[in-house]
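J.: Structure in structure tokens, see below.
The values are calculated or read from the model by the stated rules, or taken from the named source; none is laboratory data. Just so you know, these numbers come straight off a predicted model, no measurement behind them. Note that each Cβ is placed from the backbone with ideal geometry, even for glycine, and that neighbours are counted across all protein chains shown. In case anyone asks, the SASA skips ligands and DNA or RNA and just uses the protein heavy atoms, side chains included. Shrake-Rupley method; radii C 1.70, N 1.55, O 1.52, S 1.80 Å.
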2 protein chains.
Amino acid sequence: MDIKPFAAHEPPYYAVVFTSVRREGGVGEYGEAAARMEELVKEVPGFLGYESARTPGGLGITVGYFRDEEAIGVWQRNAEHRVVQQQGREEWYDSYSVHVAKVERSYGFERG
Amino acid sequence: MDIKPFAAHEPPYYAVVFTSVRREGGVGEYGEAAARMEELVKEVPGFLGYESARTPGGLGITVGYFRDEEAIGVWQRNAEHRVVQQQGREEWYDSYSVHVAKVERSYGFERG
């Protein structure tokens, strides 16, 4: 077995951790909006990528990676994104939290 | 509807983002080890909490929150934790990545 350490991105960069609990029954056009947001965020200069997971019936965590604060600001001020954030509070989420954090180091493992 | 902004923890604090892809069939004593790690990490001074999600058959994301670098170091050097990390590379994971990040701000929403 070959263990290869690797860095996901070259630090420093930012991670925006978004954890959420979906509202029961509050589905609406969630899937459509999520797909549109994925399309939009990729256009932000300095967007590096994202990872997402959701336990069925439980917590969802999405982590977006950005080169710097400026890139995060561009995304957070995006007009379409703001409309969807509002819709999220009104319809889709029972709760969420956002942590904006500067990554100091990263490492990982991939099976060879 | 009552929207309440809140901070998860008082910054600055650290988030350790652990994303992983499980190995097919590589179950072993994973559940037991995960429960033991949860028990152990709670004993670390400066451990603030964690959140975890896994898409069935897909990505898992666990975010641990710690008061400072020292608390992260205590956890990463824990002997039992190191044995389980090794077991993770040998048996449970196809890949994982770790991002250690200093949280600069946090906010959230809870349905009233």
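J.: How many Cβ atoms of partner chains, on average, are near each residue of B:89-100 if near means within 10 Å of its Cβ? Please list the in-between numbers first.
T.: Values: counts 5, 3, 0, 0, 4, 3, 6, 5, 10, 7, 17, 8.
The shielding value for this peptide is 6.
J.: Starting from a label point 7 Å past Cα on the Cβ side, list the distances from A:Q86 to the same position in the other copies, nm, shortest first.
T.: 5.6
J.: If you filter the stretch B:3-112 for chymotrypsin sites (Phe, Trp or Tyr not before Pro), then keep DSSP loop positions with at most 14 other Cβ within 10 Å, what is left?
T.: Sites meeting the loop and neighbour criteria: B:F6.
J.: I've got another one for you. Per residue of the stretch B:87-103, in order, report the coupling 6.51 cos²θ - 1.76 cosθ + 1.60 (Karplus, θ = phi - 60°) as ³J(HN,Hα) in whole Hz, putting x for Gly and Pro.
T.: Result, ordered by residue: 4, x, 5, 6, 10, 9, 10, 7, 6, 8, 9, 10, 10, 9, 9, 8, 6 Hz.
J.: Only Lys, Arg, Asp and Glu count, each charged at its Cβ (+1, +1, -1, -1), so figure out the dipole size of the protein assembly as shown about its Cα centre, rounded to 20 debye.
T.: Here the protein assembly as shown has a charge dipole of around 100 debye.
J.: Over chain B, give the accessible area per residue in Å² for a 1.4 Å probe, as an integer.
T.: 52
J.: With a 1.4 Å probe and every protein chain kept in, tell me what percent of the accessible surface of chain A is carbon plus sulfur.
T.: On the way: 2950 of 5860 Å².
Looking at chain A in its full context, I get 50 percent from C and S.
J.: Just to be sure I understand the curve: with the Debye formula and one point per C-alpha of the protein assembly as shown, what is log10 I(q)/I(0) at q = 0.07, 0.08, 0.12 Å⁻¹?
T.: Once normalised to I(0) and log-transformed, intensities are -0.22, -0.30, -0.68.
J.: Another question about this same structure. Let me confirm one metric for peptide B:54-66, namely the mean number of other chain beta-carbon atoms within 10 Å of its residues' beta-carbons.
T.: Counting Cβ atoms of other protein chains within 10 Å of each residue's Cβ and averaging gives 4.
J.: Below 8 Å, C-alpha to C-alpha, sequence gap of six or more: please give me the relative contact order for chain B in percent.
T.: Values: 172 pairs, mean separation 58.9, N = 112.
Answer for chain B is 53 percent.
J.: Could I ask something else about it? Treating the point 7 Å from Cα along Cα-beta-carbon as the label, what are the nm separations from A:E110 to the other copies, to one decimal?
T.: Output for A:E110: 4.1 nm, nearest copy listed first.
J.: To the nearest 100 Å², how much accessible surface do chains B and A hide from each other in total, with a 1.4 Å probe?
T.: Details: alone 7730 and 7740 Å², together 11730 Å².
In total, chains B and A hide about 3700 Å² from solvent.
J.: Taking each residue in A:43-51, count the Cβ atoms of any other chain within 10 Å of its Cβ, then average. What number comes out?
T.: What the average comes to for A:43-51 is 1.
J.: Moving to a separate point now. Once you've got the GNM for chain B with C-alpha springs shorter than 10 Å, pick whichever of B:P12, B:P45, B:P56 has the biggest mean-square fluctuation.
T.: It is B:P56.
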